Amino acid sequence: MSFPILSYMIFIPFLGIIAVLVLRKEQVQAIRWASALFSFIPLVLSFFLLAHYDSSTSTMQFVEKHTWIPSLGVTYFLGADGLSVPMLFLTALLSFLSVIASFNIKFRVKEYFAFFLLLEVGMMGVFAALDFFLFYIFWEVMLVPMYFLIGIWGGPRKEYAAIKFFLYTLFGSVFMLIGILALYFTSQPHTLNMMELISQAPLLGRGFQLIVFVAFFLAFAIKVPIFPFHTWLPDAHVEAPTAVSVILAGILLKMGIYGLLRVSLPMFPKAALYYALPLALLALINIVYGALVCMAQKDLKKMVAYSSVSHMGYCILGISALTVTGVSGCVFQMFSHGLITGALFLLVGVLYDRAHTRDIDAFGGLWIKIPVYSGVMILFCMGSLGLPGLSGFISEFMVFIGSFPVFKVIVALAVLGVVITAAYFLRMIQKMFLGTFNTKWEALTEISGRELFTVIPLAILMIGVGVYPSPLADMIRATLENIVHLVTG
Amino acid sequence: MLPYSWLIPCFPLLSFALIIFFTIKKPRLSSLVSIGAVALSFLFSFIVLVTVLGNPVTSEFKINWLDLPGFKVEAGMLIDPLTAVMLMVVTIVSMLVQIYSVGYMAGDSRFSRYFSFLSLFTFSMLGLVLSNNFFEIFIFWELVGLTSYLLIGFWFEKKTASDAGKKAFITTRTGDLAFLVGIFLLTTTVGTLNFQEAFHQVESGAISSTLLTLSAILIFGGAVGKSAQFPLHVWLPDAMEGPTPVSALIHAATMVAAGVYLVARLMSIYALSVPASLVVAIIGAFTAFLAASIALVQNDIKRVLAYSTISQLGYMIMALGLGGYTAGTFHLMTHASFKALLFLGAGSVIHSMHTNDIWEMGGLYLKMRTTAITFILGSLSLAGIFPLSGFWSKDEILLLALNKSPIFALVGLAVAFMTAFYMFRLCFIAFYGKARDQHKFEHAHESPKVMTVPLVILAFLSVFAGWVGIPWLSKGYSTFVYHHEVHHLEPNFILMLVATFVALSGIYLAYVIYYKGTISAERLKNRFSSIHKLLYNKYYFDELYNAIIIRPLFKLADFLFKKFDLGVIDWLVNAAGNFTVFLSWFWELFDTYVVDGAVNGLGYVVRGTGAGIRKVQTGQLQNYAFVIFFGIVLIILLKIF
């Protein structure tokens, strides 16, 4: 494949930034459509990626490699495998839909879309980079636009949330940087090539692995987030504007998981085995504790935010089991959670734009007034609580059945999360959509065509993966088998 | 023909999609689409039944749906006599209920949506009975739960209705947790999700008996939830908030029987675990008794029927626990017909009286003859009066219990007595005597044909469907639906007589109290007021669960969020942040006063020293000479001492 598709996917949004900056700030409509166009092209390209990906092998595909800073051994090295292709697709899809959902931004439109496209550059880059130098750059590139997007266009406590997010993540990144340097100086010859480092992993001493694993783990755990590093998430998610919450929940959280699968497992196999049990326990806490905290929420957006903590726990559980089925369940959950929670944030935004409140208790009987909105919302809630036939169920089932042989008691307890999740979602549905109609919302209008357009693709994919999961399972299998094989031998 | 059986659930699924996307604005068309679809399913099911009757073997059709390492997830169908019978039960009841609903739901603002939900339910239920593996059955198991939730809360404007839907979903899901863990335990040990392969593995000893028992009991947890068995029975009475035809279809005839079906389907597993079977039998018997006793004193017509359903499901579960594959499923079939009839009859009464309270009814026989006659036929069948359907199936269970363990037969007889009593208490109060609410009575009327015709058909089935199981038949239910080999128990005349006597005495007691009034119901109630109160309040299960589970859980959630998440973890994060800010402020001060102070201070010192020392450098020779002289003197003095 000579066509550098990954570079195009990363840098076409960058062209979009230039286009947006060239336009005058009064040309709001043009800025919007330019952003839509420049986020749509990567989506089209990602379909090519899906179509041309050869799922029979675990080797990197669509590889681009150029020397960049020879003195440090830094290369411009991109590639995609069964782990990154679904994530690149998800990134392209959610970015495009979020741009469409952002058409209602009225304040400093030009900067908003410029930052948003920069965010997309960073996300694409993280999932495609195979050189640590590049990886780290993209990882940090995401932080800046995210900081401004929350801090400028956010809710009432935006400054606090933005700073908390920024510092917390940066704190983690520093440890990752130390980890990267440790790997660089230990490798022979010194290299930042991730593939090379993976192949050298068996040479690393156990003690070294145990320590450096923790450095990387801190960075990834904050991103996921894993208990007790999760408190930045509800603040950031709640204060961020709708589209940014979508990206945060849909993509950014997955980077932590992606990092664990791409870096922690294959580069520190001994440590991964050593830390499997603590990891499973943390996963259990995430699942059950996250779900319980959801039950105490009165703010709809905060509830959805905390539900991510619980749902990411399933990913961690799947990883900790170190079985192919468990890890496959983890990737399914990454994908599925991106679809479902992305849609939930979009829908929360739709309601908030009209009602200017997210207090669950303030509504009631909305199903009568806005049946389409309510129906779609309930559908995604069902997806999130793991209803069979929708993607969330498949991923939970795979995680459970993949980890059960390894951690019987932990899985048996984690299953409790399923029922608590049902409880808080049904409670929310009842309070908001069922019961007598609260006449205060007489003027509430039905979801618009544009808004519906942003969630329909997600619904189709959610049902599609739920009913026919084989294509996704086939795509990720070889890669994940390889990763698990690297750890367990 | 059998390979095309997958079409059976597909018709209702198609109907669901058609209604939601196309005909939602056209109520009449929606109902026709839905009924047409289930009629097609019925037709195909009938062909399946005929085929299986002609050649009663187990056929399996499957495709690979998802490949997991060491684990195939299939989409498939398992068709054996049990499946064929269940397909018939589901499609017949569903079809009749849907026809009935055209009258019952007429004029409802969400008429089309109602039929789409019924179609979705029928699809899921048919999928459930056709499943050939644990994964698939669990999927449909949850989907019937979803449609049950949607239909219980169909009139969601009423808080009680939406509460009931939520309660049903969460309670059954609690049972499903056990089910799920049981599936994991069993299938990861034997290495397959497929029923038949798992049975072979279990029979060849691939799983230790402890694990087998544990997983069998866990899986039974699912049945406990779905079939509303103790201790998860609390949701079913509340589920009566749904439209009455829904109660007939989902909460009497089909979905709640899914738990019974599950245990029957997994008979090969339960048959190999004595302790698990015993647990099943005890839970069933206990529930049968518990629920029947509650039904004795309830005043809401649907709640009496709901507790009756719980009790009868317990009967079936008990039978299965005692190894009675034939008896349990036979009772499932007859129960579906007469309980659907009773619910639809109750619906007909409610439709005309606009009340559920039996004490506002009375004398309805005069106004609603068809409803009354069919209802009484259904009650007779449920009470187990010869020669109606219920008699034969109840007799099978009692006979089995007597052969296995007489104590269960005693419980069975006690339940039969109570059943006859509460049903005829209902009949006498509602249909006989004088009108208690004159206004409502005057407005009472027989329901339209579209509702009474299904009643008549179901009444016919309530009388005759059980005849396929008459024990003297050489070819009957027991030679068609059986597990491994036909267990032909010798019919026991004495037992039949005893059972009939027990049922009749229950009816007679109800007659004496509620028709003749020879014994005053009031006085009985006062005499046994504490027992009455206990039964009337359903043994306070709801209050108990509220106090020990639900409220503590919400308290815990609140505590974790406010005190721990915000109070401890986030506090620490903020404290770390604030500490950093404090540190930077401190270092700034340090910087200004100490570090900078030191630098500046050194300057001052040097300057000051310089200024001081400059005074010494006067440039006058006599001063220098004086200092030298003085210095020499000082040195000499130091040397000397």
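Pick out the one residue from A:Val418, A:Val406, A:Val411 that is within 8 Å of chain B (Cβ to nearest Cβ), over 22 Å from the mean Cα position of the chain (by Cα) and β-branched (Val, Ile, Thr).
Going through A:Val418, A:Val406, A:Val411 in turn, the sole match is A:Val411.
Confirm whether B:Leu504 is surrounded by 15 or more Cβ atoms within 10 Å (Cβ to Cβ), more than 30 Å from B:Gln196 (Cβ to Cβ), touching a Ser or Thr at 6+ places or on another chain (Cβ under 7 Å) and modelled with pLDDT of 85 or more.
So B:Leu504 does not fit the description; no.
Only one of B:Ala306, B:Ala319, B:Ala346 is in contact with a Gly (Cβ under 8 Å, 6 or more places away or on another chain), over 20 Å from B:Pro387 (Cβ atoms), touching a residue at least 24 places away in the same chain (Cβ under 8 Å) and not aromatic (Phe, Trp, Tyr). Can you tell me which?
B:Ala319
Only helices (runs of 4 or more DSSP H) wholly contained in segment A:399-489 count here; list those with 1 or more residues that are within 30 Å of A:Gly365 (Cα to Cα).
A:416-433, A:449-467
Of everything in segment A:377-416, what is in contact with a Gly (Cβ under 7 Å, 6 or more places away or on another chain) and among the small types (Gly, Ala, Ser)? Give them in sequence order.
A:Gly383, A:Ser384, A:Gly386, A:Gly389, A:Ser391, A:Gly392, A:Ser395, A:Gly402, A:Ser403
Out of (1) closer than 23 Å to A:Leu385 by Cβ; (2) assigned to a helix (DSSP H, G or I); (3) of a type outside the set (Gly, Ala, Ser); (4) at the interface with chain A (Cβ under 8 Å from one of its Cβ atoms), the odd one out for B:Thr188 is which?
For B:Thr188, the failing item is (1).
Just to be sure I understand the filter: pairs with C-beta atoms under 7 Å, separated by 6 or more residues or on different chains, first member in segment B:159-171 and at the interface with chain A (Cβ under 8 Å from one of its Cβ atoms), second member aliphatic (A, V, I, L, M) and surrounded by fewer than 23 Cβ atoms within 10 Å (Cβ to Cβ). Which pairs pass?
Between residues of segment B:159-171 that are at the interface with chain A (Cβ under 8 Å from one of its Cβ atoms) and residues that are aliphatic (A, V, I, L, M) and surrounded by fewer than 23 Cβ atoms within 10 Å (Cβ to Cβ), the close pairs are B:Ile170/A:Val419.
If only one of A:Leu134, A:Leu149 is at pLDDT 90 or above and either closer than 21 Å to A:Gly349 by Cβ or among the aromatic types (Phe, Trp, Tyr) (or both), which one is it?
From the options A:Leu134, A:Leu149, the qualifying one is A:Leu149.
Residues checked against (1) in a helix (DSSP H, G or I); (2) in contact with a Lys or Arg (Cβ under 9 Å, 6 or more places away or on another chain):
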site	(1), (2)
A:Leu317	yes, no
A:His337	yes, yes
A:Ile340	yes, no
A:Thr357	no, no
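Tell me which of these A:Leu426 doesn't satisfy, since it passes every other one: (1) surrounded by fewer than 24 Cβ atoms within 10 Å (Cβ to Cβ); (2) at the interface with chain B (Cβ under 10 Å from one of its Cβ atoms); (3) over 24 Å from the mean Cα position of the chain (by Cα).
(1)
Out of A:Lys254, A:Lys302, I need the residue that is in a helix (DSSP H, G or I), of a type in the set (Lys, Arg), touching a Pro at 6+ places or on another chain (Cβ under 8 Å) and modelled with pLDDT of 90 or more. Which one?
A:Lys302
When residues of segment A:330-351 are filtered for being touching a Leu at 6+ places or on another chain (Cβ under 6 Å) and more than 21 Å from A:Val99 (Cβ to Cβ), how many remain?
Within segment A:330-351, residues that are touching a Leu at 6+ places or on another chain (Cβ under 6 Å) and more than 21 Å from A:Val99 (Cβ to Cβ) number 0.
Here's a check for you: in segment B:571-607, which residue that is under 23 Å from A:Phe166 (Cβ atoms) and among the hydroxyl-bearing types (Ser, Thr, Tyr) is farthest from the other protein chains (Cβ to nearest Cβ)?
So the residue we want is B:Ser584.
If A:Ser264 satisfies every condition in (1) more than 22 Å from A:Gly329 (Cβ to Cβ); (2) away from every other protein chain (no Cβ under 14 Å) but one, which is the exception?
(1)
Of the residues in segment A:429-449, how many are of a type in the set (D, E, K, R), more than 10 Å from chain B (Cβ to nearest Cβ) and under 26 Å from A:Ala305 (Cβ atoms)?
2
So which of A:Gly417, A:Gly349, A:Gly389, A:Gly383 is farther than 19 Å from A:Ser308 by Cβ and touching a residue at least 40 places away in the same chain (Cβ under 8 Å)?
From the options A:Gly417, A:Gly349, A:Gly389, A:Gly383, the qualifying one is A:Gly389.
Here are some residues: A:Ala182, A:Ala215, A:Ala161. Which one is part of a helix (DSSP H, G or I) and either touching a residue at least 60 places away in the same chain (Cβ under 8 Å) or on the phi > 0 side of the Ramachandran plot (or both)?
When all the criteria are applied, what remains is A:Ala161.
Can you tell me which condition A:Pro228 does not meet? The list is (1) touching a residue at least 12 places away in the same chain (Cβ under 8 Å); (2) within 14 Å of chain B (Cβ to nearest Cβ), and all the others hold.
(1)
What is the number of the single condition among (1) crowded, with 16+ Cβ neighbours inside 10 Å; (2) in contact (Cβ under 8 Å) with a residue 12 or more places away in the chain that A:Pro156 does not meet?
(1)
In segment A:102-137, which residue that is outside any helix (DSSP H, G or I) and of a type outside the set (Lys, Arg) is nearest to the chain's Cα centre (by Cα)?
Checked segment A:102-137; the qualifying residue nearest to the chain's Cα centre (by Cα) is A:Ala129.
Can you name the condition, by its number, that A:Phe171 falls short on among (1) assigned to a helix (DSSP H, G or I); (2) without any contact (Cβ under 8 Å) to a residue 40 or more places away in the chain; (3) surrounded by fewer than 17 Cβ atoms within 10 Å (Cβ to Cβ)?
Result: A:Phe171 passes all but (2).
Under the condition of being among the aromatic types (Phe, Trp, Tyr) and part of a helix (DSSP H, G or I), which residue from segment B:201-243 is farthest from B:Leu262 (Cα to Cα)?
Selected residue: B:Trp235.
Please work out if B:Tyr100 is crowded, with 21+ Cβ neighbours inside 10 Å, more than 14 Å from every other protein chain (Cβ to nearest Cβ) and of a type in the set (Ser, Thr, Tyr).
For B:Tyr100, the condition - crowded, with 21+ Cβ neighbours inside 10 Å, more than 14 Å from every other protein chain (Cβ to nearest Cβ) and of a type in the set (Ser, Thr, Tyr) - is met.
Please note which helices (runs of 4 or more DSSP H) are completely contained in segment B:540-623 and include at least 2 residues that are within 37 Å of the chain's Cα centre (by Cα).
Fully inside segment B:540-623 and qualifying: B:541-545, B:551-558.
Quick test of your reading of the structure: A:Val327 fulfils all but one of (1) surrounded by fewer than 24 Cβ atoms within 10 Å (Cβ to Cβ); (2) among the hydrophobic types (A, V, I, L, M, F, W, C); (3) over 18 Å from A:Ala101 (Cβ atoms); (4) within 14 Å of chain B (Cβ to nearest Cβ). Name the failing condition by number.
(1)
Working only within segment B:66-105, note down all residues that are under 23 Å from B:Thr189 (Cβ atoms) and more than 27 Å from the chain's Cα centre (by Cα).
Correct list: B:Leu66, B:Asp67, B:Leu68, B:Pro69, B:Gly70, B:Phe71, B:Lys72.
Restricting to segment B:145-158, and then to whatever is over 8 Å from the mean Cα position of the chain (by Cα) and assigned to a helix (DSSP H, G or I), can you tell me which residue is nearest to the other protein chains (Cβ to nearest Cβ)?
Ranking the candidates gives B:Leu146 first.
The values are calculated or read from the model by the stated rules, or taken from the named source; none is laboratory data. These numbers were taken from a predicted model, which means no experiment stands behind them. As a convention, Cβ positions derive from the backbone with ideal geometry for all residues, glycine included, and neighbour counts pool all protein chains shown.
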